[in-house]
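The values are calculated or read from the model by the stated rules, or taken from the named source; none is laboratory data. Computed from a predicted model, the values in this text were never measured in an experiment. Using ideal geometry, Cβ is built from the backbone for each residue, glycine included, and neighbour counts are taken over all protein chains shown. For the accessible areas, the whole protein counts, side chains as well, though only heavy atoms, and no ligand, DNA or RNA atoms are used. Shrake-Rupley method; radii C 1.70, N 1.55, O 1.52, S 1.80 Å.
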Amino acid sequence: MKAQRSLRMTQGPEKAPHRSLLYALGLSGEEIRRPLVGVVNSFNEVVPGHLHLRTLAEAVKAGVRGAGGTPLEFPAIAVCDGLAMNHEGMKFSLPSREIIADSVEIMATAHPFDALVLIPNCDKTVPGMLMAMLRLNIPAVLVSGGPMLAGAALPGGGRSDLISVFEGVGRARVGAISLDELEEMTENACPGCGSCAGMYTANTMNCLAEAIGLALPGNGTVPAVSADRIRLAKRAGAQVMVLLEKNLTPRDIVTDKSVANAAAVDMALGGSSNTVLHLPAIFREAGLGLSLDMFDAVSRKTPNLCKLSPAGLPHIQDLHEAGGIPAVMAELLAGGLLHGDPLTVTGLSVAENLKALKAAVKNAEVIRPLSDPHFAEGGIAILKGTLAPEGAVVKQFAVLPSMMRRTVTARVFDSEEDATAAVLGGRIKAGDCVVVRYEGPRGGPGMREMLTPTSAIAGMGLDGDVALITDGRFSGGSRGAAVGHVSPEAADGGVIGIVRDGDEILIDIPGRRLDLLVSDEEIRARLKTCKAPDKPVASPLLRRYARQVGSASTGAVFRDEI
């Protein structure tokens, strides 16, 4: 083990004042002399996915103490995207990722911990903490809060979850269910703590933390309410002490092969389109790249093996019972689609982990074999064309066949609120494409998720005939022909800013094209006269964010300082 970082704060006569402050915490001299482990806890009483994290933090601390360390807990913020959806609060969700990463860096440097255990769960806490792990590069383990159980049974089969309620709003609007039925679903869709039950952004990122190697097996799928989740947290606390002894750090674990593994598992799972923002941001902290072209290359060769909610009926608990992420990785490894040699926080390689776990698929309906996938390609496709020269993102396996290649008519809106009102007001018809612009990282600012309009389109039964294209982004719970991250965004002079009502747009997902069907000459002429709408930004934080943030095509990370 290298010399303890914490000795910078605790050793020698000149650090007597520092020790005095540590004694004020109730620590003994022996505890001060042991390795100090920061326990980053994103608990709060606002986010259901984080409601139980105090219990997990205590389990982590028990594991650290049992292995000879001294745990010291500190907090991190967390936004619930579901609660922030479809109002100005969603503008603050993506920016919170950078604040989380920065705040962990601040705390772990101002108080030089020897190691970290990080406890996130919901959408931006997971990538924010993974970014901090790689930035700080001290021994660290991530252990999430785990997924929520699915809710009450639905009349048509399967069980409910949060997305059932979002889509239920659209169903109620067209009279498919009553308001009383909607309220009954509302009360029973989310039965308790944990990250929402489908393969949405939080669960996707928690699963990919396993694939990257920075979390223990089970991190993504062990249910939040299970005793095994508490045991997993204890193991994480003990394991970080092993990493400290071996001086095994996150950048020893995360390599180019880890990047490829993360993308492959993402495609096999059919993960959230938000991974196209988060994975590049995470790997950038280690000096590694993951471009849109790399995503698409992996997608073209990696079959989609899992069709979980919102694309299918199974939920994360079903994936866990089917063998979890190790089973998915074992299937990919056997097919030559995964690297087996990268290290993980277990201290073993990927292949050694899978062998030790005897990883295997236990339910071939939930995790399909490579010989019989749900979809021949991965869950995410990258589209380019005159409307998106730098790229756009679609969750292709959640798109109905009728919309895989379709020419649609633009209905243009400069805000999510206006688009949602048009959808719920019955003003969108078959063959239309709802174009929502000035909602990108800079233009929003904050690149809001658009789960409300996409869910309304699906709930109203229009997802087989209506598309939505935006320079904003989508929830992992969105389904249908929802094409997001259009880059360059309208606020950066992108072509999406000059689309007009009545323009035709070609969506060709198999061909990876997204084209505005007007002449190049017309596009150039419109760009010369295009003027962004006046959109005052009251928040100082969002004004700073808009000045610093880069394109969605590179992860919406902050631009390098000049």
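If you check GLY170 against the conditions, is it touching a residue at least 60 places away in the same chain (Cβ under 8 Å) and either touching a strand residue (DSSP E or B) at 6+ places or on another chain (Cβ under 7 Å) or within 23 Å of GLY128 (Cα to Cα) (or both)?
Spelling it out, it is not the case that GLY170 is touching a residue at least 60 places away in the same chain (Cβ under 8 Å) and either touching a strand residue (DSSP E or B) at 6+ places or on another chain (Cβ under 7 Å) or within 23 Å of GLY128 (Cα to Cα) (or both).
Within region 456-474, restricting attention to residues that are small (Gly, Ala, Ser) and touching a Ser or Thr at 6+ places or on another chain (Cβ under 7 Å), which residue is farthest from ALA546 (Cα to Cα)? Quick ask: steps written out before the conclusion?
Going through region 456-474, the residues small (Gly, Ala, Ser) turn out to be 456, 458-459, 461, 464, 467, 472.
Add one more test, that the residue is touching a Ser or Thr at 6+ places or on another chain (Cβ under 7 Å), and what stays is 456, 464.
On the way: ALA456: 29, GLY464: 35 Å.
Here the answer is GLY464.
Filter region 446-463 down to residues that are in a loop (DSSP other than H, G, I, E, B) and within 21 Å of the chain's Cα centre (by Cα) and give me whichever is surrounded by the fewest Cβ atoms within 10 Å (Cβ to Cβ).
That would be MET450.
What pairs come up if the first residue lies in region 125-149 and is assigned to a helix (DSSP H, G or I), the second is open to solvent by 10 Å² or more (accessible area, probe 1.4 Å) and modelled with pLDDT under 95, and their beta carbons are under 8 Å apart, counting only those six or more places apart or on different chains?
Here the result reads none, with nothing in region 125-149 linked to a residue that is open to solvent by 10 Å² or more (accessible area, probe 1.4 Å) and modelled with pLDDT under 95.
Yes or no: region 503-525 includes at least one residue that is closer than 18 Å to ALA556 by Cβ, among the hydrophobic types (A, V, I, L, M, F, W, C) and in contact with a helix residue (DSSP H, G or I) (Cβ under 9 Å, 6 or more places away or on another chain).
No; the residues of region 503-525 include none that is closer than 18 Å to ALA556 by Cβ, among the hydrophobic types (A, V, I, L, M, F, W, C) and in contact with a helix residue (DSSP H, G or I) (Cβ under 9 Å, 6 or more places away or on another chain).
Quickly run through region 314-353 and pick out the residues that are open to solvent by less than 20 Å² (accessible area, probe 1.4 Å), of a type in the set (A, V, I, L, M) and either in contact with a Lys or Arg (Cβ under 6 Å, 6 or more places away or on another chain) or farther than 19 Å from GLY379 by Cβ (or both).
If the condition is that a residue be open to solvent by less than 20 Å² (accessible area, probe 1.4 Å), of a type in the set (A, V, I, L, M) and either in contact with a Lys or Arg (Cβ under 6 Å, 6 or more places away or on another chain) or farther than 19 Å from GLY379 by Cβ (or both), then ALA322, VAL345, VAL350 are the ones that fit.
Consider region 178-202. How many of its residues are in contact (Cβ under 8 Å) with a residue 24 or more places away in the chain and part of a loop (DSSP other than H, G, I, E, B)?
Number satisfying all stated conditions: 11.
Restrict the check to region 433-443 and report whether at least one residue is within 18 Å of the chain's Cα centre (by Cα) and touching a residue at least 40 places away in the same chain (Cβ under 8 Å).
The answer is yes; a qualifying residue exists.
So, of the residues in region 498-532 that are open to solvent by less than 10 Å² (accessible area, probe 1.4 Å) and not β-branched (Val, Ile, Thr), which turns out to be nearest to SER291 (Cα to Cα)?
In this case the residue turns out to be LEU514.
For region 16-58, how many residues are in contact (Cβ under 8 Å) with a residue 60 or more places away in the chain, open to solvent by 10 Å² or more (accessible area, probe 1.4 Å) and touching a Cys at 6+ places or on another chain (Cβ under 8 Å)?
Of the residues in region 16-58, 3 are in contact (Cβ under 8 Å) with a residue 60 or more places away in the chain, open to solvent by 10 Å² or more (accessible area, probe 1.4 Å) and touching a Cys at 6+ places or on another chain (Cβ under 8 Å).
Which ones in region 287-298 are open to solvent by less than 30 Å² (accessible area, probe 1.4 Å) and farther than 28 Å from THR346 by Cα?
Scanning region 287-298 gives LEU292, ASP296.
Considering region 464-492 alone, what residues qualify as being among the small types (Gly, Ala, Ser) and in a strand (DSSP E or B)?
ALA467, ALA482, GLY484, SER487
So which residues in region 115-124 are within 11 Å of SER42 (Cα to Cα) and not in a loop (DSSP other than H, G, I, E, B), if there are any at all?
LEU118, ILE119, listed by residue number.
Failed condition for ALA311, given (1) out of contact with any Pro (no Cβ under 9 Å at 6 or more places or on another chain); (2) open to solvent by 10 Å² or more (accessible area, probe 1.4 Å); (3) among the hydrophobic types (A, V, I, L, M, F, W, C); (4) at pLDDT 95 or above, with all others met?
For ALA311, the failing item is (4).
Which residue, of GLY192, GLY145, is open to solvent by less than 10 Å² (accessible area, probe 1.4 Å), closer than 30 Å to GLU58 by Cβ and touching a His at 6+ places or on another chain (Cβ under 9 Å)?
That would be GLY145, the only listed residue that is open to solvent by less than 10 Å² (accessible area, probe 1.4 Å), closer than 30 Å to GLU58 by Cβ and touching a His at 6+ places or on another chain (Cβ under 9 Å).
When the residues of region 376-401 are filtered to those that are open to solvent by 60 Å² or more (accessible area, probe 1.4 Å) and assigned to a strand (DSSP E or B), which remaining residue is nearest to GLU331 (Cα to Cα)?
Among them, the one singled out is LYS384.
If I ask for residues that are assigned to a strand (DSSP E or B) and out of contact with any Ser or Thr (no Cβ under 7 Å at 6 or more places or on another chain), which ones from region 506-533 would you list? Spell out the reasoning first.
Narrowing region 506-533 to residues assigned to a strand (DSSP E or B): 506-508, 513-516.
Those that are assigned to a strand (DSSP E or B) and out of contact with any Ser or Thr (no Cβ under 7 Å at 6 or more places or on another chain): ILE507, ASP508, ARG513, LEU514.
Just one of ASP501, ASP492 is in contact (Cβ under 8 Å) with a residue 60 or more places away in the chain and of a type in the set (Asp, Glu); which is it?
Numbers: ASP492 fails: in contact (Cβ under 8 Å) with a residue 60 or more places away in the chain.
Only one candidate passes the filter, namely ASP501.
Counting just the residues of region 80-120 that are of a type in the set (A, V, I, L, M, F, W, C) and open to solvent by 20 Å² or more (accessible area, probe 1.4 Å), which one comes out farthest from THR10 (Cα to Cα)?
This residue is LEU83.
Residue-by-condition table, conditions (1) assigned to a helix (DSSP H, G or I); (2) open to solvent by 10 Å² or more (accessible area, probe 1.4 Å):
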residue: VAL165; (1), (2): yes, yes
residue: GLY170; (1), (2): yes, no
residue: ALA176; (1), (2): no, yes
residue: THR204; (1), (2): yes, no
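Can you tell me which residue within region 206-229, out of those that are touching a residue at least 24 places away in the same chain (Cβ under 8 Å) and in a helix (DSSP H, G or I), is surrounded by the fewest Cβ atoms within 10 Å (Cβ to Cβ)?
ARG229
Which of the numbered conditions does PHE113 fail, given that it passes all the others? Conditions: (1) in contact with a His (Cβ under 7 Å, 6 or more places away or on another chain); (2) more than 17 Å from MET205 (Cβ to Cβ).
Status for PHE113: all satisfied but (1).
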